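Some notes on the structure that comes next.
Read-outs: derived from the displayed coordinates by stated rules, not from any lab. No experiment lies behind these values; they were computed from the predicted model shown. Cβ: placed from backbone, ideal geometry, glycine included. Neighbour counts: every protein chain shown.
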C-alpha cells in the first residue's frame, strides 16, 4: 500500500461508495484528507487507519485489559494465528462477562476463531458473534 490513497481506494478500504466518501468530505466527516489541486483529493494511509481505529475509541479499558504485560496490538493482522488463539484464551479466561472486553479484544477473539466480521460492527454484535461461535 502506498503512503497516499485516492478516493476510490479509501472507499473500498472502508466499504462505502466513493460518492458517500465525497459527501462525508463535504459534511466535514470521515477520515482526514488533502486537497491537491482542483478536484484531486488524497488520503494519507496512516490517517485513514487512525480514523478507522477511532471508530472503536468508545471502549473503556477494563480489569481484563490489565491482565496482559503488553496491550493487545492495534493491528491484529500482524499476529500469527497461534498468537491470536493464545491471547484469545487468556482474554476469555480473564472475564465472566464478554461485555467487559473492549471492541479490539472482541475482534481479536473473533479473528482467533476465524470468524469473518462485518465492517464497522457495534460492540453488542461482536459479543453475540463471539458467543455464537464459542457454542460451536
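Points to keep in mind about this one:
- Nearest-0.05 FRET efficiency for residue 35 and residue 99, computed from C-beta distance (R0 35 Å): 0.25
- Across the alpha-carbon atoms of segment 4-54, the computed radius of gyration and Dmax are 9.9, 30 angstrom.
- Rounded FRET efficiency, nearest 0.05, which uses the C-beta distance separating residue 86 from residue 17 and R0 of 30 Å: 0.20
- The length gained on full extension between residue 132 and residue 6, counted as 0.36 nm times the residue separation minus their Cα-Cα distance, comes to 41.6 nm.
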